[in-house]
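J.: Shown below is the structure under consideration.
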Amino acid sequence: MLVPLHQVNRSRGCWQFRREREGVRDLRSPGSPPRTTVEDTVLDLCDEGSAEQVVGWVTTAVQTRRTTPAALRRALRRRLRIRHRKLVSDLLADVAVGAESPLEVRYLRDAERAHGLPRGQRQDSSTPEYSRDVVYHPYGLVVELDGRLGHTGMGRFRDMWRDNRTLLEGRPTLRYGTVDVVGSSCEVAVQVATALTRLGWTDPPTRCRRCFRVPDQSVCRTWVLDSGPRSTHCLVYCWPRVTLAVLAAPPPRV
């Protein structure tokens, strides 16, 4: 039960009282009996939960179309005190560009953004039958991110059919699960960077903070991606983490 800040009520039995000043939450009370809005409910949960739970609540609320990042941001501004404020604020920025699940948020932050990869188009619906998680349109690369929901049983066969159709359209698909993105984000980034470079991306990827913790003496493997008369582009991959660099060799002396 919400009560004014000046009113003191002791919680007893199943009744829990929460004191708040005016203006903290939306004055609307949808439904009967009156209850808090979706936005205020999500922020209440974020104020009590762990960081991992915060990611799940924010992304689920937006993915299920119960609210929008803009509405959650307005509700957040009304609160002077809330746990995980920076995390919620950063999450809303990620969700606003199309990351609709905890796995998609982790890929955006730990693989794509942390390694300087180009920004992909999220929830791409250029094909009427289905949407794709991430599409790098200038290069024709598709990245699918599979949590457990919707990707087991018959869902796996649907995924394979979709991947085959995308490949026949001339757009290769890279598919990753939670274990890949959470446990091996650097390795995921190097695979995506390799594919993008083969498809025409020329900017150098970068090393994230996890990459920099690896000594330079790590065993490295180098792939020659393309070789022309004036330059050779390579991708250097250092195990167990990644040292990402696109190297352009100087033109040979004549």
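J.: Is the stretch 65-79 home to any residue that is out of contact with any Cys (no Cβ under 6 Å at 6 or more places or on another chain), modelled with pLDDT under 90 and farther than 19 Å from Gln123 by Cα?
T.: Yes, the conditions are met somewhere in the stretch 65-79.
J.: Additional query: Show the residue pairs meeting these rules: Cβ distance below 6 Å; 6+ apart or different chains; first residue within the stretch 61-84 and hydrophobic (A, V, I, L, M, F, W, C); second residue assigned to a loop (DSSP other than H, G, I, E, B).
T.: Ala61/Thr67
J.: Shifting gears a bit: Provide a single number: the residues in the stretch 134-149 that are modelled with pLDDT of 90 or more and within 20 Å of Val55 (Cβ to Cβ).
T.: Residues flagged as modelled with pLDDT of 90 or more and within 20 Å of Val55 (Cβ to Cβ) within the stretch 134-149 amount to 4.
J.: What are the pairs, 6+ residues apart or on separate chains, where a residue within the stretch 190-207 that is under 18 Å from Asp110 (Cα atoms) has its Cβ under 6 Å from a residue that is part of a helix (DSSP H, G or I)?
T.: Pro205/Ala193
J.: Yes or no: Asp163 under 15 Å from Glu112 (Cα atoms), surrounded by 12 or more Cβ atoms within 10 Å (Cβ to Cβ) and at pLDDT 75 or above?
T.: no
J.: Could you list all residues from the stretch 108-120 that are surrounded by fewer than 17 Cβ atoms within 10 Å (Cβ to Cβ), free of Cβ contacts under 8 Å to residues at least 24 places away in the same chain and in contact with a strand residue (DSSP E or B) (Cβ under 7 Å, 6 or more places away or on another chain)?
T.: Within the stretch 108-120, no residue meets the criteria.
The values are calculated or read from the model by the stated rules, or taken from the named source; none is laboratory data. Just so you know, these numbers come straight off a predicted model, no measurement behind them. In this analysis, Cβ positions are derived from the backbone assuming ideal geometry, glycine residues included, and neighbour counts consider all displayed protein chains.
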